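Following: one structure in structure tokens, then a few remarks.
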């Protein structure tokens, strides 16, 4: 159960001062709380024996007031340090998780669903935070406070009465231990069910248009209701188990009260203790209720925290596929990129997605990559983006293997416009400046013109300050593509990768964008994957991929003379264009 503290030892070592102050303050408060019952007992005895004077009464009242003031100050001290520490832990864990997510490669996100990762970043982190705050409180109160109370009862009143009254304690320890194991298992199951619900909800919201288009609202609600019921039942099972703690402890405390009152009364009749001692003893017994409850709460919090830290650690122990080399190399500018006999297979796939790719790209060249859907165009780009382990063969930049560079360096050369355009729930301007930092309005307008986007932005209600909505929901497909393109162009990268990034715009707009690209990308490398061959007609070299293999290679004119797939496809597209016109 207490292994959770061992798993969080790194945090407690970092903030040992904060927790030392909190625990010492808790112990001081625990000791202070034991004084008033003793004063009450003494006062009763003084009244019984007629020894209470005005001076003694004033002294007792003064001590009471002093204890209240001191207790208030010390309680603030432990509360601030203890629960402040738990919030620090939650912040650190959340930052660590987010940093880990940003380092991980696509394979990680293929294995872990978004809803599950969100559940671990919210519910599980709250449970861990509870361990470092309320968990420490219950640990101290269930051990130190209970020990202080028992010692005061034994040393200042009667050990015989104390031991008899605490007979139910071992029974409670056994029951609480069994309850703890069951709670751990049930809470783990409840958190897993919550992850499933989270993931399904996220997918439903993202795919709400498709759900409506296929009239699947009722089916979606039915599935959601089933998942919600599952989460409810599993959390109900946890709550049912937790509900056993309070009545169990109340029964045991009631038995202790009965024994203490009965046996204590007998000792008063036999003059072994005074009436004041019996009153003080029963107050102490009442004070034992919280430490006994604290044991139950401690077991509960520890088991929840243990289950949650295990779930979070399962994510944190997963290492990214690509890591920086121990002795990285660096260059000023990528002058030449060479694919030499490069082959690649996705981790979860069978068969090669790229086979024996040989390609040399010099700085300033525009390279077109074409082929049927699934031919390997995006996979080729991913080798430059280093999203997976280095491929077979050699991929070098300026003669240096690409894996010898730091990830940050290789990615800083590249401006990437993917097939799936990711926009954030911010303004158009914030989306444009993502990754490029501050730019003047003149620079932004120049790029908007290059991306044939200026007129579209001016037509929006607030222009550049228009909120695009989640995933750019307020923009059309073509506008999203052009915002993504403009975002990449604002970075002015050494290597620009356009992965079928003009598919949602018409031929005239495409021609306008390409004309600006040719003019403004002079001296810099541009890689264009496209289904519409007019997008690569101007390229210095074009490769045709089929099943991950280069089947044709040359300029537009050279490929047209070869009479292969490229020529056939280009002619078909030209005829389609004429028909459309």
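The values are calculated or read from the model by the stated rules, or taken from the named source; none is laboratory data. Bear in mind that the values here come from a model prediction, so they are computed numbers and not experimental data. Using ideal geometry, Cβ is built from the backbone for each residue, glycine included, and neighbour counts are taken over all protein chains shown.
For the stretch 388-411, the candidate set comprises residues that are surrounded by 14 or more Cβ atoms within 10 Å (Cβ to Cβ) and under 22 Å from residue 485 (Cα atoms); within that set, the residue that is nearest to the chain's Cα centre (by Cα) is 411.
Filtered by the rule that a residue be out of contact with any helix residue (DSSP H, G or I) (no Cβ under 9 Å at 6 or more places or on another chain), in a helix (DSSP H, G or I) and farther than 16 Å from residue 520 by Cα, the stretch 472-495 gives 477, 481.
One line per residue, one yes/no per condition, for (1) outside the structural domain of residue 535 (by TED's automatic domain parsing); (2) touching a helix residue (DSSP H, G or I) at 6+ places or on another chain (Cβ under 7 Å); (3) crowded, with 22+ Cβ neighbours inside 10 Å:
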{"site": "426", "(1), (2), (3)": "yes, no, no"}
{"site": "436", "(1), (2), (3)": "yes, yes, no"}
{"site": "451", "(1), (2), (3)": "yes, yes, yes"}
{"site": "466", "(1), (2), (3)": "yes, yes, no"}
{"site": "470", "(1), (2), (3)": "yes, no, no"}
{"site": "508", "(1), (2), (3)": "yes, no, no"}
{"site": "519", "(1), (2), (3)": "yes, no, no"}
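Checking each residue in the stretch 343-375 for being surrounded by 21 or more Cβ atoms within 10 Å (Cβ to Cβ) and within 20 Å of residue 409 (Cβ to Cβ) picks out only 361. Exactly one residue out of 142, 147 is assigned to a helix (DSSP H, G or I) and crowded, with 19+ Cβ neighbours inside 10 Å, and it is 142. Under 28 Å from residue 295 (Cβ atoms), touching a helix residue (DSSP H, G or I) at 6+ places or on another chain (Cβ under 8 Å), buried (at least 17 other Cβ atoms within 10 Å of the Cβ) and in contact (Cβ under 8 Å) with a residue 12 or more places away in the chain, is that true of residue 238? So residue 238 passes the test. Checking each residue in the stretch 453-464 for being in contact with a helix residue (DSSP H, G or I) (Cβ under 7 Å, 6 or more places away or on another chain) and part of a helix (DSSP H, G or I) picks out 454, 456, 457, 463, 464.
With respect to the stated conditions, residue 145 fails to be closer than 17 Å to residue 289 by Cα and without any contact (Cβ under 8 Å) to a residue 24 or more places away in the chain. Just one of the numbered conditions (1) over 30 Å from the mean Cα position of the chain (by Cα); (2) assigned by TED's automatic domain parsing to the domain that holds residue 346; (3) surrounded by fewer than 21 Cβ atoms within 10 Å (Cβ to Cβ) is not true of residue 462: (2).
The helices (runs of 4 or more DSSP H) located wholly in the stretch 157-239 that include 1 or more residues which are within 24 Å of residue 250 (Cβ to Cβ) occupy 159-165, 169-206.
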